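Take a look at the structure set out below.
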Amino acid sequence: MLEDNYAVAVPFYDLWHGDGHVPMVRELLPPLLKGVRRSVIEIGAGTGLITELIARETPAEVYAVEPSLGMRSVLVSRLSSDPDLLRRVTVLPYGALDVEVDEPVEAVVMISVLQSFPAEERAELWRVLARQLEPGGRLVFNWRERALPVPGGLEVMDTYQVGRHAYEIAGQVLEVAGESVTSRFVYRIRQRGVAVSEDEMVVTNHWPARQRLASELAAAGFVPDAAPEGMEVWRRG
């Protein structure tokens, strides 16, 4: 899960993700939450881009789980501009493996978070999430099968103009071992081409094969449900 060593990425987060997976999720997620009215847990809420969507598409109470202080700071600031969000969204300052709410929820939503969990933690993740869901409750997350990348040099991935500054994100794959990919990201702010700020972060993500993922979920008592390409829906049995 996100930790505070991700703080260097916070100023870039909405720029990059708003231009990345978020538009697809905004299109595909609402139908998957149809009928949810009482409660939702969002795992890895980040700065609240998807939290807003969940709250807009359902009348449910939302538990937004986010361990990173930097991310939570932006999330709470986002909530503060909307009295309805302040009333319905509870921000939980810990990770997914520590989630415990007062009563089972109708849905758990997890967007671009699963890759943060190594294989040895995923079994516990599925058990924790199953325990938080009511019988028949739905687990919704984005996922697609992908080929593992090849290590290489640092390359600029995206640049965003913010006033007179250019916010630049560069990345490289350092190592691939089984389903685990270790990457280095460099976050630069440039003015007239000169870097006025530069930070870097090394992170390891985990990309299990679809068959393994399905086997893990079935072992935890989940059964698959219909979902569009790029999304997964599993019901607690």
Within segment 45-185, the percent of DSSP beta bridges that are antiparallel, given to the nearest 5, stands at 60
Full extension from A226 to R144: what is 0.36 nm times the residue separation minus their Cα-Cα distance, to one decimal in nm?
-> 28.1 nm
Report, in deg cm²/dmol and to the nearest 500, the calculated mean residue ellipticity at 222 nm for the chain, where each DSSP H run with n ≥ 4 adds -39500 (n - 2.57) and the sum is divided by the residue count.
-> -9000 deg cm²/dmol
Low-density loop positions, trypsin sites (Lys or Arg not before Pro), segment 183-237 - DSSP coil, at most 12 other Cβ in 10 Å | R192
By the C-alpha gyration tensor axes a ≥ b ≥ c (rounded if a/c is under 1.5, else prolate when a/b exceeds b/c, else oblate), the shape of segment 1-120 is rounded
With all protein chains present, segment 67-139 has a carbon and sulfur share of its accessible area (1.4 Å probe) in percent of 51
Can you tell which of L85, A45, F222 lies farthest toward the positive end of the dipole of the chain, using +1 and -1 charges on the Cβ of basic and acidic side chains (Lys, Arg; Asp, Glu)?
-> L85
Expressed per residue, the solvent accessible area of the chain in Å² (1.4 Å probe) is about 48
Sorted by mean Cβ packing within 10 Å, highest first, what order do the peptides 66-79, 7-20, 25-38 take?
-> 66-79, 7-20, 25-38
State to the nearest 20 debye the size of the charge dipole of segment 1-135 about its Cα centre, where the only charges are +1 on K and R beta carbons and -1 on D and E beta carbons.
-> 340
Which percent, nearest 5, of DSSP beta bridges in the chain are antiparallel?
-> 70
Which one of P104, Q161, Q115 has its Cα pushed farthest toward the positive end of the charge dipole of segment 76-195, where Lys and Arg give +1 and Asp and Glu give -1 at the Cβ?
-> Q161
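The values are calculated or read from the model by the stated rules, or taken from the named source; none is laboratory data. Please read these numbers as outputs of a predicted model, since none were measured by experiment. Cβ atoms come from the backbone with ideal geometry, glycine included; neighbour counts cover every protein chain shown. In case anyone asks, the SASA skips ligands and DNA or RNA and just uses the protein heavy atoms, side chains included. Shrake-Rupley method; radii C 1.70, N 1.55, O 1.52, S 1.80 Å.
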